[in-house]
Amino acid sequence: MISDLLDLGRIEAGLDSARETTPLPVLARYAVETLRGTAEHRKLTLETDLPEDLPMVTGDPIRLRQMIANLLENAIKYTPPGGCVRIETMAEADQVILRIIDSGPGIPPAEQPYLFDKFFRASNVPEDVAGTGLGLSIVKSIVDSHDGRIWVESALGKGSRFTVVLPAVAG
C-alpha cells in the first residue's frame, strides 16, 4: 500500500513528467506477457487484439505500462475461473484507444461513479480478494496526466469494460 501511495503522490504532483513517443500496443503486449501466467493459473482465456500499425502516443512508458498492468491485473483478479479477459487497442480519429474487457461479476451501477476514488472497493468484491483500493485511482491519475479519458461500462453478472482514450501523436 505504501508503494501505491507513493506512486499516486508522484503522479499527482507531476513528478513523472518525462515524455517520449511510445507505441501503446507494445506496452500492452509487455503487460500481457507479464500477467499471462497468472491468467493461466486462474484458468482464464486471455485474448489480445493489439495491432502494431497504430499511431504513437506521447507519454511516460513506465507509467503507461503500469496503467495497462493495473487494469489487466484487476480484470484477471476479479474474473472467475473459466472466464475471459480481452485487451485491445485501436485508433480512431486522432486518438488511440485501449479497452480491457472481462467476464467478471460486474460492478454495481450505483458504485461505478466512485470506482476511481482512492481506497474505494466495490461492495461485491469477495473478502478473500486482496487489494488496497488504490489501483484504479492510480490508473485514473496516469490517464489524467497524459491528457486522456477513462470510463467503465459494467453490468452485474456480465462483466466490465474499461476504456482509455489517449491523444495520438500527430503525424
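Please treat every number below as a calculation from the coordinates, not as lab data. Remember, predicted model here, so these are calculated numbers, not experimental data. No Cβ is skipped: glycine too gets one built from the backbone with ideal geometry, and neighbour counts run over all protein chains shown.
Using helices alone, I'd like the mean residue ellipticity at 222 nm for the chain: each DSSP H run of four-plus residues gives -39500 (n - 2.57), total over residue count, nearest 500.
The helix-only estimate for the chain comes to -11000 deg cm²/dmol at 222 nm.
Lys and Arg at +1, Asp and Glu at -1: add these up for the other residues within a Cβ distance under 12 Å of Ala31 and post the number.
For residues surrounding Ala31, the net value is +1.
For the chain, what is the charge dipole size about the Cα centre, in debye to the nearest 20, if Lys and Arg each add +1 at the Cβ and Asp and Glu each add -1 at the Cβ?
Its charge dipole is roughly 320 debye.
Sum up the charges of everything whose Cβ sits under 12 Å from the Cβ of Asp102, counting Lys and Arg as +1 and Asp and Glu as -1, but leave Asp102 out.
+3
Scan the chain and report its longest stretch carrying no GluC sites (Glu not before Pro) that are both in a DSSP loop and have at most 14 other Cβ atoms within 10 Å.
After excluding every exposed loop site, the longest remaining stretch is 53-126.
Label segment 12-78 by shape, choosing from rounded, prolate and oblate, from the square roots a ≥ b ≥ c of the eigenvalues of the Cα gyration tensor; if a/c is under 1.5 it is rounded, and otherwise prolate applies when a/b is larger than b/c, oblate when it is not.
Note, shape of segment 12-78 comes out oblate.
What is the ratio of the Cα radius of gyration of segment 66-115 to 2.2 N^0.38 Å, where N is its residue count, to two decimals?
Ratio of Rg to 2.2 N^0.38 Å for segment 66-115: 1.30.
For the chain, find the longest principal axis of its Cα atoms and tell me its angle to the long axis of helix 24-41, 0 to 90°, nearest 10.
So the helix axis and the longest Cα principal axis differ by about 20 degrees.
Say we join alpha carbon atoms closer than 10 Å with springs in a Gaussian network model of the chain; which of Gly104, Gly82, Gly148 then has the biggest fluctuation?
Comparing Gly104, Gly82, Gly148 in the GNM, the peak value goes to Gly82.
Regarding segment 2-167, what's the average projected area of the Cα-atom convex hull, expressed in nm²?
In nm², the orientation-averaged hull projection of segment 2-167 is 9.2.
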